[in-house]
Amino acid sequence: MQAQLRETATELAGVLWREHTVYRERGGGVVIRGEHVRRWISLSPTGGKDQALVRAGRILDGGTTAPARLEAVVDLTAGTTELAAVCRRLLAETAADAAPSTASARPARATSPARSARPPKAPKAARPRKGRHTGIGSWVVLLCVGGVVALWAYSVFGNAH
């Protein structure tokens, strides 16, 4: 299956992008990186015969990959052109999802449309500082520590006569 994935990924990479890098993942899948379009495609075995899980994502600044935004299960016997059509659809949706996520700090996952519709939380307002720096809890702790030190001093030096 891994040899079939590698061969399919190499053919697919040539159809999708002129400039690409194909490499093997630790889990047995294959990744196709298109640095010039800042996108990646992953083909992983699904456990089914002649099927693969195709995932698409973005390449971030610095070359690291963002988590997959979209995924689909495809039939590897369908041919390279059909597989390329599925990949192009996933890549187009990934590119469309990337535009709104630049406004928020954390990108919304494409698999959860309800999440992306929710407005970002407003930052919490800072509480005004009170005049004193040491709170009542700190004074209680200091008094307890002072009491323990006083008891120790009394037990050491108080019984010395």
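The values are calculated or read from the model by the stated rules, or taken from the named source; none is laboratory data. Note that the structure is predicted; figures quoted are calculated from it, not measured. Cβ coordinates were reconstructed from backbone atoms using ideal geometry, including for glycine residues, and neighbour counts include every protein chain displayed. Just so you know, the surface numbers come from the protein's heavy atoms only, side chains and all, with ligands and any DNA or RNA stripped out. Shrake-Rupley method; radii C 1.70, N 1.55, O 1.52, S 1.80 Å.
(1) open to solvent by 60 Å² or more (accessible area, probe 1.4 Å); (2) over 19 Å from the mean Cα position of the chain (by Cα); (3) within 23 Å of Gly62 (Cα to Cα); (4) not small (Gly, Ala, Ser): which one isn't true of Arg26, the others all being true?
Arg26 satisfies every listed condition except (2).
Within region 21-49, can you find the residues that are within 17 Å of Leu90 (Cα to Cα) and either part of a strand (DSSP E or B) or in contact with a Lys or Arg (Cβ under 8 Å, 6 or more places away or on another chain) (or both)?
Scanning region 21-49 gives Val30, Val31, Ile32, Arg33, Gly34, Arg38, Arg39, Trp40, Ile41, Ser42, Leu43, Ser44.
I want to confirm something. Restricting to region 68-116 and keeping residues that are crowded, with 17+ Cβ neighbours inside 10 Å and of a type in the set (D, E, K, R), which single residue is modelled with the highest pLDDT?
The qualifying residue modelled with the highest pLDDT is Arg69.
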